[in-house]
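**Q** Next up is a structure, given as structure tokens.
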Amino acid sequence: MMVLRRAAVKMSAGYEAMPRTRLGSDARLCKTSGPVFAPDGFTQLIELRHVGKTYQTATGAFQALRDIDLDIRRGEVFGIIGRSGAGKSTLLRLLNLLERPTQGAVRIEGQDITQLDAPGLRKLRQHIGMVFQHFNLLSSRTVYENVRFPLRVAGELSRSEQQARVMEVLQLVGLTDQARKYPRQLSGGQRQRVGVARALANRPNLLLCDEATSALDPETTQSILRLLLEINRTLRITVVLITHGMDVIRAVADRVAILDHGRLVELGDVIDVFLNPQAETTRALLAESGVETESWHGSVGESGRVLRLTYKGEAVALPVLSRYGRELGLDFSILQGSVGRIKDMPYGQLTISVAQEDDARVAQLLAALTGHGIHHQVLR
Ligand code: ADP
């Protein structure tokens, strides 16, 4: 199961000392009985099938989500992006049943969570951490008490065990020296670190982040994003985050879902979505965040081919274009080019025009590029 596949974790002694076999199955953490998760063998952590959500409002039924089908993989950072009102919060809240779907199934490790009884649901929620945009800290309690709160609610650790766990997660987020302070005495970034520590207290395997950086300045946003990434990588916790900012997606997410008016309009690896957006909404969101998605404006001569080549990962370093161009006797000029990095992945994108009209040789060139993992689109 999910946690069995984890490597030993160095970041936190508690995680090392207490390897768990499945979400919520550690006897010291979960005294309630009943199966929450199915046996080994699921490659997906979360599956949504034909999920819909209809709210009943004073003016009638409102469908906030329609026919959502998606899988979230173990260990990934999964981003959900869309404009205000697109249905992001509703979708996130379906994952811990703060909202119940009105259509379809939400399965975690193969089990339809809408079928859980009250103890099962409590156990599920205990092992899903949530981080909020406005931190949601108790203002009259110290940092220490805020982080201890979910441990008290769970009621499964002794007082000294709770204390050890609180200090452990405060260390994880870099706030050991702030334990006795009150939220009002902290900066926004520190408050969010408390929010993250609280979300980690019960050793979740899934962390839901609801616009976790939207209330923070750009620098603090970066530090919180780095923290989330570190948590994902070191503790191997699956992270699902919602945001309206492509920058957040670009910095931390592995895959992304784009929502528009309650519909899933695009889903894919972040790098592919950035480099080859398919949906109009995606292109608009990218354009608003300053990402150029139109690499060619049709302003070259009448003849020849125009190709867009996308390189990523190791292909970035290969001199294949010049080599095959030379071998095939094809001349080309570069119309546009960009290089960069999305999360950890270096990429390059080139738009070139090939002067010759010889389609057979162009086809040979494209086949050679494909053989080296270079994606192409024929723009003209
Ligand atoms: P987002 O997070 O993308 O801004 P939400 O999921 O919060 O979007 O909301 C999606 C739509 O559902 C919005 O039009 C919102 O007004 C509506 N909505 C959200 N919660 C409720 C509710 N409890 N009752 C009625 N309508 C709601």
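**Q** Quick check on my filter: what residues within region 49-84 are without any contact (Cβ under 8 Å) to a residue 40 or more places away in the chain and within 8 Å of the ligand (Cβ to nearest atom)?
**A** 55, 56, 57, 62
**Q** Yes or no: residue 108 surrounded by 15 or more Cβ atoms within 10 Å (Cβ to Cβ) and either within 16 Å of the ligand (Cβ to nearest atom) or assigned by TED's automatic domain parsing to the domain that holds residue 208 (or both)?
**A** In short, no.
**Q** Turning to a different aspect of this structure: Could you check region 187-286 for strands (runs of 3 or more DSSP E) lying wholly inside it with 2 or more residues that are crowded, with 22+ Cβ neighbours inside 10 Å and within 16 Å of the ligand (Cβ to nearest atom)?
**A** Correct list: 206-210, 238-243, 255-260.
**Q** Can you tell me which residue in region 346-373 is nearest to the chain's Cα centre (by Cα), limited to those that are surrounded by fewer than 17 Cβ atoms within 10 Å (Cβ to Cβ) and either assigned to a strand (DSSP E or B) or among the β-branched types (Val, Ile, Thr) (or both)?
**A** 346
Here's the yes/no breakdown for (1) modelled with pLDDT of 95 or more; (2) in a loop (DSSP other than H, G, I, E, B):
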| site | (1), (2) |
| --- | --- |
| 48 | yes, no |
| 54 | yes, no |
| 62 | yes, no |
| 106 | yes, no |
| 121 | no, no |
| 130 | yes, no |
| 138 | yes, yes |
| 146 | yes, no |
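**Q** Let me ask something else about it. Being surrounded by fewer than 19 Cβ atoms within 10 Å (Cβ to Cβ) and within 14 Å of the ligand (Cβ to nearest atom) is the filter; apply it to region 90-99 and report the residue that is nearest to residue 266 (Cα to Cα).
**A** Result: 93.
**Q** While we're on this one: Out of all the residues in region 316-372, which are under 21 Å from residue 274 (Cβ atoms) and basic (Lys, Arg)?
**A** 341, 343
**Q** Of all residues in region 148-180, which are in contact (Cβ under 8 Å) with a residue 60 or more places away in the chain, of a type in the set (D, E, K, R) and under 22 Å from residue 119 (Cα atoms)?
**A** Correct list: 156 only.
The values are calculated or read from the model by the stated rules, or taken from the named source; none is laboratory data. Keep in mind that what you see is a predicted model, and the values were worked out from it rather than measured. Cβ atoms come from the backbone with ideal geometry, glycine included; neighbour counts cover every protein chain shown.
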